[in-house]
1. Residue 69 versus (1) within 15 Å of the chain's Cα centre (by Cα); (2) assigned to a helix (DSSP H, G or I): which is the lone unmet condition?
2. Pairs only if they're at least six apart or on different chains, beta carbon under 6 angstrom, first in the range 73-101 and at positive phi, second surrounded by fewer than 23 Cβ atoms within 10 Å (Cβ to Cβ); list them, first residue then second.
3. Given the conditions (1) touching a residue at least 24 places away in the same chain (Cβ under 8 Å); (2) under 13 Å from residue 127 (Cα atoms), which single one is not true for residue 33?
4. List the residue pairs whose Cβ atoms are under 7 Å apart, where the first residue sits in the range 141-162 and is within 13 Å of residue 66 (Cα to Cα), the second is of a type outside the set (Val, Ile, Thr) and not in a strand (DSSP E or B), and the two are 6 or more positions apart or on different chains.
5. Answer yes or no: is there a residue in the range 65-72 that is without any contact (Cβ under 8 Å) to a residue 40 or more places away in the chain and over 19 Å from residue 111 (Cβ atoms).
6. Within the range 136-169, how many residues turn out to be exposed (fewer than 13 other Cβ atoms within 10 Å of the Cβ) and within 15 Å of residue 38 (Cβ to Cβ)?
7. Take residue 190 and decide whether it is modelled with pLDDT of 95 or more, of a type in the set (Gly, Ala, Ser) and touching a helix residue (DSSP H, G or I) at 6+ places or on another chain (Cβ under 8 Å).
Amino acid sequence: MTDSTRAAGVHFYRPEEGHRLAHDPFKAIVAPRMIGWISSRDAEGRFNLAPYSFFGAFAGNPPVIGFSSEGYKDTVRNVEATGEFVWNMASLSLAEKMNATSATVPSDVDEFTLAGLTPVAGHSVNVPHVAESPAALECKVMQVIRLTNIDGEAMSNWLVLGQVVGVHIRDEFLKDGLFDTFLAQPIMRAGYRAEYAQTGDKFEMIRPR
């Protein structure tokens, strides 16, 4: 496709050539995204808690979640050393505390203490979760993958995939046997660096048979 054949009213660009906009729109397009608020433990037993912008669920049986780190950070080092991590739901009421755990601090600083959060010991992993979080998923590491681009060149990005081996749900968010996502008010990345979203109006659609 050349410039002369592109659809009218459409801004097209190739990432390697630059977006020609005020800011890179990629993260705003792939949104909203759940926050990968990951707790981990290093080889010496010290706790770490950090949010990741790239996070998602990849399978249901068994349940598998994953997050990607831009740079080889403490969390990736920890999960490689211990083989465990926990995802904690970042809710609207915890937004400021979650943001506090994103600070760049030395690896021996405990972000639970830094943000005034309560660590609770895991059941199936030796990693604490955030007591105040509406839900938390204990995970065993399946794979840690350093990504490579289409030219086979190593990127400064690490993808961590974990199988969920334990689930914590606070009782107040269970209604008639269902987890009430809208009551939990998870916050999500909505685009650029300071933009977050929360759950809004919901609707249902029945899948065709």
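1. Among (1) within 15 Å of the chain's Cα centre (by Cα); (2) assigned to a helix (DSSP H, G or I), the lone unmet condition for residue 69 is (2).
2. 83/141
3. All conditions are met except number (2).
4. Close Cβ pairs (under 7 Å, with a partner that is of a type outside the set (Val, Ile, Thr) and not in a strand (DSSP E or B)) amount to 141/83; 144/80; 158/72.
5. Looking only at the range 65-72, we keep the residues that are without any contact (Cβ under 8 Å) to a residue 40 or more places away in the chain, and these are none.
No, because not a single residue in the range 65-72 is without any contact (Cβ under 8 Å) to a residue 40 or more places away in the chain and over 19 Å from residue 111 (Cβ atoms).
6. 0
7. Details: modelled with pLDDT of 95 or more: no; of a type in the set (Gly, Ala, Ser): yes; touching a helix residue (DSSP H, G or I) at 6+ places or on another chain (Cβ under 8 Å): yes.
Against the criterion (modelled with pLDDT of 95 or more, of a type in the set (Gly, Ala, Ser) and touching a helix residue (DSSP H, G or I) at 6+ places or on another chain (Cβ under 8 Å)), residue 190 does not qualify.
Quick grid of which residues meet (1) part of a strand (DSSP E or B); (2) of a type in the set (Gly, Ala, Ser); (3) exposed (fewer than 13 other Cβ atoms within 10 Å of the Cβ); (4) out of contact with any strand residue (DSSP E or B) (no Cβ under 9 Å at 6 or more places or on another chain):
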residue: 8; (1), (2), (3), (4): no, yes, yes, yes
residue: 16; (1), (2), (3), (4): no, no, yes, yes
residue: 20; (1), (2), (3), (4): no, no, yes, yes
residue: 40; (1), (2), (3), (4): yes, yes, no, no
residue: 43; (1), (2), (3), (4): no, yes, yes, yes
residue: 51; (1), (2), (3), (4): yes, no, no, no
residue: 58; (1), (2), (3), (4): yes, no, yes, no
residue: 64; (1), (2), (3), (4): yes, no, no, no
residue: 76; (1), (2), (3), (4): no, no, no, no
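The values are calculated or read from the model by the stated rules, or taken from the named source; none is laboratory data. Worth saying up front: this structure is predicted, and the values here are computed from it rather than measured. For neighbour counting, all protein chains shown are included, and Cβ atoms are generated from backbone atoms with ideal geometry for every residue, glycine included.
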